[in-house]
Amino acid sequence: MTGFDGTALLVLTSNGVLGDTGRPTGAYAAEVAESWQVFASAGFRVEVASIQGGRPPLEAVDTTDPAQQAFFADDAMTAAMAATRPVCEVDPTAYGIVFTAGGHGAVWDLPYDEDLAALLRDAYEHDAVIAAVCHGPAALLGARLSNGEYLVAGRKVACFTNDEERAVGMTSVVPFLLADELVKRGAKHHAVGPFLPHVVVDGRLVTGQNPASTELVAKQAVAAATATGDRCR
């Protein structure tokens, strides 16, 4: 779909510490790079925002990974990552896709940021596709539509599962279990076995279970965004 005229926004956590452990975290680098690669290959312009702006922290950076190599070698992305815009300065009507990357850092700031909640609400109500992967759906916990209902209420979603949190030894570190919190807001959580690729599409809401799901989520987001041309700006 080379030459498609649309813009995708990557939203990243600004939290770089795992709670009170002192251990580093951030946005999961592969999820950032792979989503960018899919969107750019589909002809989207790609912009980046974070909760606080500036350079966001990344975790699990792998300089041998081809997608990450391409991402870090791209001049536009290098500049964008050095000085991301805070979400409070983002025009929510400017995007065909708003994609929230995961990484454990996400659960400490994405759910509580009122500007991010407003961005997701306004983007969705202006026909954008809302996509998220792994811990990225934590952003949906605070997002309510103009009618007061949670964006995820009654919607099918995927996210990093309780079993996956147990497998990586994080259940006693994270402030909550993401799947449980989404269900509390009325979401219908769908999961497969730990660390298997899994994407759930519910209209213009596209979510994925874990890092292995990133490429699938991004491709499904592109498909949803390009289903009708007036959804993509």
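Taking segment 52-84 as the range and being in contact (Cβ under 8 Å) with a residue 40 or more places away in the chain, of a type in the set (A, V, I, L, M, F, W, C) and open to solvent by 20 Å² or more (accessible area, probe 1.4 Å) as the test, the residues that pass are 58, 60. Meeting the requirement of 2 or more residues that are among the polar types (S, T, N, Q) and closer than 26 Å to residue 198 by Cα, the helices (runs of 4 or more DSSP H) wholly within segment 1-97 are 29-41, 66-73.
Every condition in (1) of a type in the set (A, V, I, L, M, F, W, C); (2) within 22 Å of residue 44 (Cα to Cα); (3) buried (at least 21 other Cβ atoms within 10 Å of the Cβ) holds for residue 94 except the one numbered (3).
Filter segment 174-213 for residues that are under 19 Å from residue 128 (Cβ atoms) and not in a loop (DSSP other than H, G, I, E, B); which is most open to solvent (accessible area, probe 1.4 Å)? Step by step, filter segment 174-213, then rank; the result is 201. Residue count for segment 140-182 satisfying the condition of being within 20 Å of residue 212 (Cβ to Cβ), in contact (Cβ under 8 Å) with a residue 12 or more places away in the chain and among the small types (Gly, Ala, Ser): 3. One residue stands out in segment 161-173 among those that are hydroxyl-bearing (Ser, Thr, Tyr) and open to solvent by 30 Å² or more (accessible area, probe 1.4 Å): the one that is nearest to residue 103 (Cα to Cα), namely 171. Answer yes or no as to whether residue 37 is modelled with pLDDT of 95 or more and open to solvent by 50 Å² or more (accessible area, probe 1.4 Å). In short, yes.
Just one of the numbered conditions (1) touching a residue at least 40 places away in the same chain (Cβ under 8 Å); (2) open to solvent by 10 Å² or more (accessible area, probe 1.4 Å) is not true of residue 117: (1). For segment 112-165, residues that are part of a loop (DSSP other than H, G, I, E, B) and either within 16 Å of the chain's Cα centre (by Cα) or farther than 21 Å from residue 180 by Cα (or both) total 15.
The values are calculated or read from the model by the stated rules, or taken from the named source; none is laboratory data. It should be emphasised that the depicted structure is a prediction, and the values quoted were computed from it without experimental measurement. As a convention, Cβ positions derive from the backbone with ideal geometry for all residues, glycine included, and neighbour counts pool all protein chains shown. Note: areas computed on protein heavy atoms with side chains; ligands, DNA, RNA excluded. Shrake-Rupley method; radii C 1.70, N 1.55, O 1.52, S 1.80 Å.
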